[in-house]
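**Q** Take this structure first; my questions come after.
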Amino acid sequence: MAELVQRRIEERIPELEQLERVGLFTKKEIKSMLKRTTALEYKLHRRDISKDDFIAFIQYEINVLELVKKRRTNIGYHFKRDDIEFPIMHRVNNTFRRATSKWQEDVQLWLSHVAFCKKWSTKGELSKVFSSMLAVHPDKPALWIMAAKCEMEDRGSSESARHLFLRALRFHPESKKVYQEYFRMELMHAEKLRRQQEQLEKAKIDVGEYEFSPEILSGKLAEVVYRDATQKIKGAEFVLSLLQIASIFDFSKDLQATILQELQSQHTDDSVTWDFMAKRELEVTVTPELQTAKGKASDTDRKEERCCAVYEEGVKNLNTEAMWTCYANFCLDKYKRKTNVQELKDKRRQRLLKALQGAHQAELLPQNFYKTWESLPLWLQWIQWSESNRSAEETEALFQKGLLSPVPDVSSAVKEKYLEWSCRTGGYKKARKTFTSLHEHRPFSKAFFTTMIQIEKQQETPKMNNVRDCYERALREFGSADDDLWMDYIKEERGPHGQPENCGKLHWRAMKALEGDGMERFITQYTLLQTGHI
């Protein structure tokens, strides 16, 4: 073992000499590095080797790379990269390969290697890493998607990305997510070719034999994916997801029209179709009104009335609980929207009551809506009226009364309103006092905690411990399912007032807490964050 370690150390001598010769490190620092790397190398060649030993070795080498990069900038020296950085990156890649070979089941270890390759531009290695990882983990659609996106976005190879998506579909022939991302990739490919064509035409360059296929430019490959996907996966919700992806691309109007026509003709037995068609009425352009609050409210009222007309048609054709739920949810959402125009408030309340009454008469109103119908709208209206017409003491007494409601929807909503009102009327100190008095009393909504987080961050000198306390309490309630909450917390620690060293612990906790799709989304987002893509 000693001979092997000695050989590894000797292999480092040329790069260490270069570091000293060009002035990036001092002689004393080089000696310290030799001592540290010798200790790390010995750990990697023990009989009872551990994963932590590999991680420590890799992290040390990455830290050296970061320091070299920083010092190059400081002294303005940008030569000898082949002699300095490349050997370090080669060692890191080799160490990652040894680690992932030994602990193949550790997805995070594979993703850490991916993140390293992306950050340090070892793109040739990147494809190999993905290939090896997918050979071990072909059962994880998220990894296939990540690999294909990397080929498309980082390496600019649409052909390789397409090949990966096709392979992914052999393992996951009914994966909605794989089809959605494959569909998006083909549209991105078409958009990329369209931009290239525009640039060539603008430069008046004769492309000769190289011509852009009109079919590909118009998104025909994406349409082929759409046809195949909808043959394998049924349901309006999936069709709608593809339509929403297509709507991002301006050139795909014909494809969007095709999908929309098939959605309306083949899926009228699905409440999702009616819900989408109703909400589209909000996008309809109407005659411009005077730019006054009342004029805008009148415009909004007409659009929402048209939406409700579509919902009414929907419940006549599809008299199901799901259809009535879509209708009631829309009306309730609009009822909760803030407006200073009393006429619009009244219309929204009428439409909500009409939807709830209709569902009740059809005996298709879900149980949770009875609580809303009987309690929440009345409470919100009562609180709003009290804020405008009664003293602060009387309004606060009303909030205290609402907190005692046995209906969870009411008490949690009142908490949110109470916290917002406290901040508006008494500033930070009162908001903090209100939050402290309520943060141990369930039930909670996520908004109760995120509202307090925003209040804390708006202070001139935010107290990070208070922000952390809010996140910890929110995670106690929602951390097992809400991956966004974990990502927001991690981003906060990476911010100007946080402690980046806490991110690793938060990542470890999130991986233990999250399950299923939430974990996959978290892994993807965390990797993108590490590599600077978000």
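**Q** Sorted by mean Cβ packing within 10 Å, highest first, what order do the peptides 250-257, 106-113 take?
**A** 106-113, 250-257
**Q** Using the heavy atoms of the protein chains alone and a 1.4 angstrom probe, what is the accessible area of the chain per residue in square angstrom?
**A** Per-residue value: 55 Å².
**Q** Go ahead and estimate [θ] at 222 nm for the chain from helices alone: -39,500 (n - 2.57) per DSSP H run with n ≥ 4, summed, over the residue count, rounded to 500.
**A** That comes out to -24500 deg cm²/dmol.
**Q** Let me ask another. Taking only Cα atoms, what is the 0 to 90° angle, nearest 10, from helix 107-119's long axis to the longest principal axis of the chain?
**A** 70
**Q** Related question: To the nearest 20 debye, what charge dipole does the stretch 324-395 have about its Cα centre, counting +1 at the Cβ of each Lys and Arg and -1 at the Cβ of each Asp and Glu?
**A** Its charge dipole is roughly 320 debye.
**Q** I would also like to ask the following. What does the highest-first list of 354-366, 234-246, 498-510, 139-151 look like by mean Cβ count within 10 Å?
**A** In descending order of packing, they fall as 139-151, 234-246, 354-366, 498-510.
**Q** Something else now. For 461, 100, 300, give me the order by solvent-accessible area with a 1.4 Å probe, most accessible first, ignoring ligands, DNA and RNA.
**A** Order by accessible area, largest first: 461, 300, 100.
**Q** With angles folded into 0 to 90 degrees, how steeply does helix 392-403 sit against the dominant principal axis of the chain? Use alpha carbons for both and round to 10.
**A** Roughly 80 degrees, rounded to the nearest 10.
**Q** Hey, if you put +1 on the Cβ of every Lys and Arg and -1 on every Asp and Glu Cβ in the stretch 22-140, which of 45, 131, 88 ends up farthest toward the positive end of that dipole?
**A** It is 88.
**Q** With all pairs of different alpha carbon atoms counted, what Kirkwood hydrodynamic radius in Å does the stretch 218-365 show?
**A** 16.9
**Q** Carbon and sulfur: what percent of the chain's accessible surface (1.4 Å probe)?
**A** 50
**Q** Give the residue from 230, 418, 495 lying farthest towards the positive end of the charge dipole for the chain; charges sit on Cβ (+1 for Lys and Arg, -1 for Asp and Glu) and the dipole is referred to the Cα centre.
**A** Towards the positive end, the residue furthest out is 495.
**Q** Ok, one more. Only Lys, Arg, Asp and Glu count, each charged at its Cβ (+1, +1, -1, -1), so figure out the dipole size of the stretch 1-106 about its Cα centre, rounded to 20 debye.
**A** Using Cβ point charges on Lys, Arg, Asp and Glu, the stretch 1-106 gives about 260 debye.
**Q** Here is a further query. Just to check I understand the Karplus step: with θ = phi - 60° and J = 6.51 cos²θ - 1.76 cosθ + 1.60, what whole-Hz values come out for the stretch 260-265, glycine and proline as x?
**A** 5, 5, 6, 4, 6, 8
**Q** Along the charge dipole of the chain, Cβ charges K/R +1 and D/E -1, which of 507, 245, 141 sits furthest on the positive end?
**A** 507
**Q** Measure nothing but the geometry: give the 0 to 90° angle between the long axis through the Cα atoms of 293-317 and the longest principal axis through the Cα atoms of the chain, rounded to 10°.
**A** The helix 293-317 is inclined about 90 degrees to the chain.
**Q** Now for a separate question. For the chain, what is the charge dipole size about the Cα centre, in debye to the nearest 20, if Lys and Arg each add +1 at the Cβ and Asp and Glu each add -1 at the Cβ?
**A** About 1800 debye.
The values are calculated or read from the model by the stated rules, or taken from the named source; none is laboratory data. Values in this document were obtained by computation on a predicted structure and should not be read as measured data. A quick note on method: Cβ atoms are made from the backbone with ideal geometry, for glycine too, and the neighbour counts reach across all protein chains shown. When the accessible area is computed, the model is the full protein with side chains, heavy atoms only, and any ligands, DNA or RNA have been set aside. Shrake-Rupley method; radii C 1.70, N 1.55, O 1.52, S 1.80 Å.
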